[in-house]
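Chemist: Below are the structure tokens for one structure; questions will follow.
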Amino acid sequence: MQYRYIGKSGLRVSSIAMGTMTFGTQCDEKEAFKIMDMAYERGINLFDTAELYPVPPSAKLAGLTEEWVGKWLKTKPRDSIILATKVAGAANGWFVPPIRHGLTAIDRFHIKRAIEGSLKRLQTDYIDLYQMHWPDTVVPIEESLVAFDELVKEGKVRYIGTSNDSAYGLTKANETSKRLGISRFESIQNNFSLNNPRFLDELADVCRQESISLLPYSPIAGGVLSGKYNQQFVDKGRYATYMSDKNGRVRAQAARFVNEKSLASTAKYLELSHEIGMHPVTLAVAYSKNFDFVASTIIGTTSVEQLKPSLDAMDIDLSAETMSKIAGIQKEIMYPMG
């Protein structure tokens, strides 16, 4: 197992992290425990969750994933786990979270309320990495960062990070932390995969210049890069369900992941994986961890059986030849996820 540091923090993490957002909807508690046990036994020490999980988010189930992770955490030495969770993003963002009556914000009040809830559900007295799930376009970043810094000073949080942020947002936050002399975002958790390499355009440079780590999520593009949506008949998979959802935002998300360009690029990656004798999921996960600015790639699954191809990528470093072929595909079919 390869271990890397997150940013300039003392968090030494496995090159692959275990994501938990399916626990509670697409995966029951017994299977979730099996998945986490297998990941732990294979050397994974970073486990990522959020107060909003499981997905799709609902007022009825929000917080359930943290409860399950908390119960599982009691079966392991706490210091052997790097535990990451998130405060829900602002209600003025991409959607209104079904918690705290849809009035969420990244202000001092909501950050304090969120951390207390997460600590209780996770049955721990500290979080190793506390992340902003997505930015707040109204509350000044100064207020958000000061509130996060208070949690660090109180010992409830070791380090902080951001998610679903832009190059401007990450740079603004980083410079604000420098100016105020307070805790900074050591990581950014954004979508990054063979089908969505946009992080390389600008954010990768920010991460390299400022020693901030990317924790890529959705390395297999929500299951698309497994090739299952390239098959003629698909009766399983969340995007097969999302395509007929009554919510327009959900249908738009499905269309972003599963479309003519994304299926065309996936077909080429399936050919490449066959050529090099590697499972397509293993190739996709190996790609996402193959960059110097990446600390740990977050994988997700709904069953133990699905986990193995992702875990097989732990000790794989893709050759320069393979990376060159990938670059060629990305140049031929640019931005298949828009």
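The values are calculated or read from the model by the stated rules, or taken from the named source; none is laboratory data. Because the structure is predicted, anything quoted here is derived from the model rather than measured. Positions of Cβ are generated from backbone atoms using ideal geometry, with glycine treated the same way; all protein chains shown enter the neighbour counts.
Chemist: Within the group LEU52, LEU73, LEU46, which residue is on the phi < 0 side of the Ramachandran plot and either surrounded by fewer than 24 Cβ atoms within 10 Å (Cβ to Cβ) or in contact with a Cys (Cβ under 9 Å, 6 or more places away or on another chain) (or both)?
Modeler: On the way: LEU52 fails: either surrounded by fewer than 24 Cβ atoms within 10 Å (Cβ to Cβ) or in contact with a Cys (Cβ under 9 Å, 6 or more places away or on another chain) (or both); LEU46 fails: either surrounded by fewer than 24 Cβ atoms within 10 Å (Cβ to Cβ) or in contact with a Cys (Cβ under 9 Å, 6 or more places away or on another chain) (or both).
LEU73 is the lone residue from the list that is on the phi < 0 side of the Ramachandran plot and either surrounded by fewer than 24 Cβ atoms within 10 Å (Cβ to Cβ) or in contact with a Cys (Cβ under 9 Å, 6 or more places away or on another chain) (or both).
Chemist: Could I ask something else about it? Yes or no: LYS76 closer than 24 Å to SER14 by Cα, at pLDDT 95 or above, basic (Lys, Arg) and not in a loop (DSSP other than H, G, I, E, B)?
Modeler: Values: closer than 24 Å to SER14 by Cα: yes; at pLDDT 95 or above: yes; basic (Lys, Arg): yes; not in a loop (DSSP other than H, G, I, E, B): no.
It is false that LYS76 is closer than 24 Å to SER14 by Cα, at pLDDT 95 or above, basic (Lys, Arg) and not in a loop (DSSP other than H, G, I, E, B).
Chemist: Can you name every residue in region 36-70 that is touching an Asp or Glu at 6+ places or on another chain (Cβ under 8 Å) and charged (D, E, K, R)? Working first, answer last.
Modeler: Step one: list which residues in region 36-70 are touching an Asp or Glu at 6+ places or on another chain (Cβ under 8 Å), which gives 49-51, 53, 62-63, 66, 68.
Scanning region 36-70 gives GLU51, GLU66.
Chemist: Then there is this: Restricting to region 76-120, and then to whatever is surrounded by fewer than 15 Cβ atoms within 10 Å (Cβ to Cβ) and in contact with a Ser or Thr (Cβ under 9 Å, 6 or more places away or on another chain), can you tell me which residue is nearest to ILE6 (Cα to Cα)?
Modeler: In this case the residue turns out to be ARG78.
Chemist: Might you check whether a residue that is more than 21 Å from PRO56 (Cα to Cα), touching a Lys or Arg at 6+ places or on another chain (Cβ under 6 Å) and among the polar types (S, T, N, Q) occurs anywhere in region 175-186? Show your work before the answer.
Modeler: To start, the set of residues in region 175-186 that are more than 21 Å from PRO56 (Cα to Cα) comprises 175-186.
Filter again for touching a Lys or Arg at 6+ places or on another chain (Cβ under 6 Å), leaving 177.
Next cut, among the polar types (S, T, N, Q) only: 177.
Among the residues of region 175-186, at least one is more than 21 Å from PRO56 (Cα to Cα), touching a Lys or Arg at 6+ places or on another chain (Cβ under 6 Å) and among the polar types (S, T, N, Q), which makes the answer yes.
Chemist: Of the residues in region 41-73, how many are touching a strand residue (DSSP E or B) at 6+ places or on another chain (Cβ under 9 Å) and assigned to a loop (DSSP other than H, G, I, E, B)? Before you say what the answer is, go through the steps one by one.
Modeler: Start the filter on region 41-73 by keeping residues that are touching a strand residue (DSSP E or B) at 6+ places or on another chain (Cβ under 9 Å), which leaves 42-54, 64-66, 68-69, 72-73.
Subsequent filtering for residues that are assigned to a loop (DSSP other than H, G, I, E, B) retains 42-45, 49-54.
Final tally of qualifying residues: 10.
Chemist: Can you tell me which of ALA105, ALA84 is aliphatic (A, V, I, L, M), closer than 18 Å to VAL55 by Cβ and at pLDDT 95 or above? Reasoning before the result, please.
Modeler: Values: ALA105 fails: closer than 18 Å to VAL55 by Cβ.
None of the others qualify; the one that does is ALA84.
Chemist: Additional query: Checking ASP315 against (1) closer than 30 Å to ILE81 by Cα; (2) among the acidic types (Asp, Glu); (3) at pLDDT 95 or above, only one condition comes out false. Which one?
Modeler: (3)
Chemist: I'm told GLY70 meets every condition in (1) in contact with a Leu (Cβ under 8 Å, 6 or more places away or on another chain); (2) within 30 Å of GLN209 (Cβ to Cβ) except one. Can you identify the failing condition by its number?
Modeler: So the condition that GLY70 fails would be (2).
Chemist: I'm checking my understanding of the structure. Among residues of region 157-167 that are in contact with an Asp or Glu (Cβ under 9 Å, 6 or more places away or on another chain) and within 23 Å of TRP94 (Cα to Cα), which one is surrounded by the most Cβ atoms within 10 Å (Cβ to Cβ)? I'd like the intermediate steps shown before the answer.
Modeler: Pass one, region 157-167, residues in contact with an Asp or Glu (Cβ under 9 Å, 6 or more places away or on another chain): 157-161, 166-167.
Subset that is within 23 Å of TRP94 (Cα to Cα): 160-161, 166-167.
On the way: ILE160: 29, GLY161: 25, SER166: 15, ALA167: 16.
Filtering first and then ranking leaves ILE160.
Chemist: Only one residue in MET337, MET314 is under 15 Å from TYR269 (Cβ atoms), assigned to a loop (DSSP other than H, G, I, E, B) and in contact with a Lys or Arg (Cβ under 8 Å, 6 or more places away or on another chain). Which one? Explain how you work it out, then say what you get.
Modeler: Numbers: MET314 fails: under 15 Å from TYR269 (Cβ atoms).
Answer to the check: MET337.
Chemist: Under 9 Å by Cβ, and 6 or more places apart or on different chains, what pairs join a residue from region 29-49 that is in contact (Cβ under 8 Å) with a residue 12 or more places away in the chain with one that is basic (Lys, Arg) and assigned to a helix (DSSP H, G or I)?
Modeler: Note: pairs meeting the criteria are GLU29/LYS71; PHE33/LYS71; MET38/LYS308.
Chemist: Something else about it: Which one of GLU175, GLU143, GLU154 is surrounded by fewer than 20 Cβ atoms within 10 Å (Cβ to Cβ), among the charged types (D, E, K, R) and within 24 Å of LEU103 (Cα to Cα)?
Modeler: Values: GLU175 fails: within 24 Å of LEU103 (Cα to Cα); GLU154 fails: within 24 Å of LEU103 (Cα to Cα).
After applying the criteria, what remains is GLU143.
Chemist: Which of the numbered conditions does LYS268 fail, given that it passes all the others? Conditions: (1) among the charged types (D, E, K, R); (2) farther than 30 Å from SER211 by Cα; (3) free of Cβ contacts under 8 Å to residues at least 24 places away in the same chain.
Modeler: (3)
Chemist: Can you name the condition, by its number, that VAL224 falls short on among (1) surrounded by 18 or more Cβ atoms within 10 Å (Cβ to Cβ); (2) more than 19 Å from the chain's Cα centre (by Cα); (3) among the β-branched types (Val, Ile, Thr)?
Modeler: For VAL224, the failing item is (2).
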